[in-house]
1. When you scan segment 72-95, how many residues do you find that are assigned to a helix (DSSP H, G or I) and surrounded by 12 or more Cβ atoms within 10 Å (Cβ to Cβ)?
2. Residues E49, E11: which one is part of a helix (DSSP H, G or I) and either among the acidic types (D, E) or modelled with pLDDT of 90 or more (or both)?
3. Among K110, K105, which is touching a Pro at 6+ places or on another chain (Cβ under 9 Å) and either without any contact (Cβ under 8 Å) to a residue 12 or more places away in the chain or surrounded by 18 or more Cβ atoms within 10 Å (Cβ to Cβ) (or both)?
4. Residues in segment 31-39: is at least one in a helix (DSSP H, G or I) and either at pLDDT 90 or above or touching a helix residue (DSSP H, G or I) at 6+ places or on another chain (Cβ under 6 Å) (or both)?
5. Sort through S69, S64, S99 and tell me the only one that's among the hydroxyl-bearing types (S, T, Y) and modelled with pLDDT of 95 or more.
6. Give segment 53-71 a look and list any residue that's β-branched (V, I, T) and surrounded by 15 or more Cβ atoms within 10 Å (Cβ to Cβ), or say none.
Amino acid sequence: MIAVAERYALEVSSPTPIASERQHEEYLSVLDKLANKSHPTSEEEKYAEVLITLVEAYEKEHHSIPDASPLEVLRTLMDANDLRQKDLVPIFGSESIVSEVLHRKRGLSKTHIEKLSKRFHVSPAVFF
């Protein structure tokens, strides 16, 4: 696992619990690189699992949104990123689907949640 850490330029040779926002961003960056690999090695997959566990623990403590519905979370993330309905079309596929979700006529699918979590760099758990 140390070789994987070195390949992705982490400052520490093995992942440790996240202690700062900078370290959180660093781990997210590495996870993004690993997620974009078409054929990750089993070592890279194991490394990603460790990073995901650490990121989720940090986000639960520092980025959690207490007692918020998935729609409230989405609206908060849209506001925080200055996004409009049409900005979410690449995630949902059409403006009408975005509208249906935002007006509680349609729920978030697993695919929507996966894409939203990647787009906003948050754990998929925030949408449950």
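1. Of the residues in segment 72-95, the ones assigned to a helix (DSSP H, G or I) are 72-80, 85-92, 95.
Those still in the list that are surrounded by 12 or more Cβ atoms within 10 Å (Cβ to Cβ) too: 73-78, 85, 87-89, 91-92, 95.
So the answer is 13.
2. Details: E11 fails: part of a helix (DSSP H, G or I).
None of the other options fit; the residue is E49.
3. On the way: K105 fails: touching a Pro at 6+ places or on another chain (Cβ under 9 Å).
Answer to the selection: K110.
4. Of the residues in segment 31-39, the ones in a helix (DSSP H, G or I) are 31-35.
Subsequent filtering for residues that are either at pLDDT 90 or above or touching a helix residue (DSSP H, G or I) at 6+ places or on another chain (Cβ under 6 Å) (or both) retains 31, 34.
Yes - at least one qualifying residue is present in segment 31-39.
5. Working: S69 fails: modelled with pLDDT of 95 or more; S64 fails: modelled with pLDDT of 95 or more.
Of the residues listed, the single one that is among the hydroxyl-bearing types (S, T, Y) and modelled with pLDDT of 95 or more is S99.
6. The initial filter retains those residues of segment 53-71 that are β-branched (V, I, T), namely 53, 55, 65.
Correct list: V55 only.
The rows are residues; the columns are (1) in the same structural domain as S29 (by TED's automatic domain parsing); (2) acidic (D, E); (3) closer than 23 Å to I18 by Cα.
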residue	(1), (2), (3)
T41	yes, no, no
E45	yes, yes, yes
E56	yes, yes, yes
N81	no, no, no
D87	no, yes, no
E100	no, yes, no
H103	no, no, no
G107	no, no, no
S117	no, no, yes
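The values are calculated or read from the model by the stated rules, or taken from the named source; none is laboratory data. Everything quoted here is computed from the prediction, not taken from an experiment. Virtual Cβ from ideal backbone geometry, glycine too; neighbours counted across all protein chains shown.
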